[in-house]
Amino acid sequence: MYKSKIVKISLLFLVLILVASLSLFGCKEEAPAAGEEAAEAQEEATETGEEEAPAAGEEAAEASGEIAVPEEEVTLSLWFQDWEGGSKWTNDWVAVFEEKYPTIKIDVTFLPFEEINTKLFPAIAAGNESDLMFFYDDWLLGKDASKFFGPVTPDLYTYDAIKEVTFESTIVRYTGSDGELYAIPWGTGSNAAGILYHKDIIDEAGVDIEGIKTWDDLKEAAKKLTIHDASGKIERSGILFTYHEIAYTWLDMIAAQGAADELFNVDTGEWNFNIPEAKETLEFINSFVEEGLFDPQSGDPFTAFPNKLGAMFEVGPWGLGAWGEQYPDLELDYMYMPLYPGTERNVHTIASWGSMAYSKNLEGAEKDAALIFLKEILENEEFYNIAFSNDYWVGTPGSKAYLDNLVQMVEAGNVPSPKAEITARFAPKYVENINLLPTMISEPELIRATIFPEMTSVFIGTKTVDQVLDYLTQTCTNLEQEK
């Protein structure tokens, strides 16, 4: 059994003390000093080839690599985003983690997205942040990560080593001014990665999901799935575009046509939505409204879709886990995003990774405990097994090794759950097509507060497409240059 360096050094020290005592004071027999029995037992085990049973905590020490497991109990506070699946997953994971590391306790506080978003950095500035913190990596845009969190490299991984265990799409945003990383990716819900749909509605309408390759195909499917009443009012939309993810899709469509550099000039910080690719794609999306396939006033999609007021829903796969046990009778499935007509591949320009970091104020045993917690998230397969086996979440794991393993499990017919199988189908495509816009505007500002409200104004007819393009060009440029 592997022995930690600390134990080896302690044994060597005891042996040296024993030798020195014999040399100075002769061979008078005395009761063995504290620890000498352990040293003698280790010597005997070495001579006979037997291995000594590990001392309490040594297995955990071995699992944590070079990070020392605290000998005395420490408690770390954790702020985590509050949603049903995430809360259950986190509670289950904490129980697994604490069983493996009995001297480390995790005290979790669940906070709504909006509260974490507005609370995190002011709390850090005031010095009253949590020990461990969940956040989204794009919140670091325009900020120096080294000023806010404790270092992950080189304290936990080397810079090269962490690229072996996670995706490079997360690296840049975690990098501080000193070139080191200050957080790890927990996972992403893969916003706008594809289309969620009701399988029973699809089957009843005779729609061939496998035949949907482009957005033209998607529109034809939506025509078959939309139901109107006698007056022509939509009773069921063929597809729902409410929520902010259609804004992601619009930017992705522009980039897929090779116009990302025209949309955003990284050298000058200028945005330009007055380009043909931006206008044509927004008009195309709005055609679903004009042709009576999508009712933009059908209400919150998280009420409309599960109540079958929409047959399909353009959203991240996390939507599968969002309902969880709330709607157990729904027959849902997910397909990767169809191509915009005339393009050869998808491009995902905005990817927001759920992330985990620790307070820069932690020292000693508390810092070691925090680093162990981060490492377990990336390297302990049970972390994601909990999520997929219990249908708590559907998304792209932050662990590269886990996603590779999940794909292999599905190929071998040993999938932990149907939702895990869906992840294995879409996540590798999603990750390989991430090509982030180099904007300094965070996702909440760019997508939720700026682009999506303007798109909605087009859908409901309060602004023209040209008015929106002009507004976004000026507003996004102002926001960018403020950064």
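All of the numbers you see were taken from the coordinates with simple rules; none came from a lab. Predicted model, so just to flag it, every value in this text is computed and none were measured. A quick note on method: Cβ atoms are made from the backbone with ideal geometry, for glycine too, and the neighbour counts reach across all protein chains shown.
Once R0 is set to 22 Å, what does the formula 1/(1 + (r/R0)^6) return for the Cβ-Cβ distance between LYS143 and ASP107, expressed as a FRET efficiency to the nearest 0.05?
The calculated FRET efficiency here is 0.25.
Past the 26 Å Cα-Cα mark, which pairs from LYS88/LYS419; LYS213/LYS419; LYS100/LYS143? Numbers along the way, then the final one.
On the way: LYS88/LYS419 16 Å; LYS213/LYS419 22 Å; LYS100/LYS143 35 Å.
Beyond 26 Å: LYS100/LYS143.
What's the tally of Lys pairs in the stretch 252-400 whose alpha-carbon atoms lie under 30 angstrom apart, where the two lysines are 8 or more places apart or on different chains?
Details: LYS360/LYS375; LYS360/LYS400; LYS367/LYS375; LYS367/LYS400; LYS375/LYS400.
Here the count comes out as 5.
Restricting to DSSP H runs of at least four residues, report the calculated mean residue ellipticity at 222 nm for the chain, -39500 (n - 2.57) per run over all residues, nearest 500 deg cm²/dmol.
Details: 20 runs with 218 residues, N = 483.
Per the formula, -13500 deg cm²/dmol.
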Estimated inter-spin distance, ASP216 and THR268, nm [label 7 Å along Cα→Cβ]: 3.5 nm
Treat the count of other C-beta atoms within 10 Å as a stand-in for reagent exposure and order ASP295, ASP178 from fewest to most. ASP178, ASP295
Any idea how far the Cα center of the stretch 270-349 sits from the one of the stretch 418-483, in Å? 13 Å
Qualifying aspartates and glutamates (Cα of each under 14 Å from Cα of LYS233; at least 8 residues distant if same chain): GLU290, GLU291, ASP295
Residues other than LYS105 with Cβ under 9 Å of its Cβ, Lys/Arg counted +1 and Asp/Glu -1, net out at -3
Over 20 Å intervals from 0, what percent of Cα-Cα pairs in the chain sits in each interval? 21, 48, 22, 7, 2, 0
The percentage of Cα-Cα pairs in the stretch 307-446 separated by more than 27 Å is 34 percent
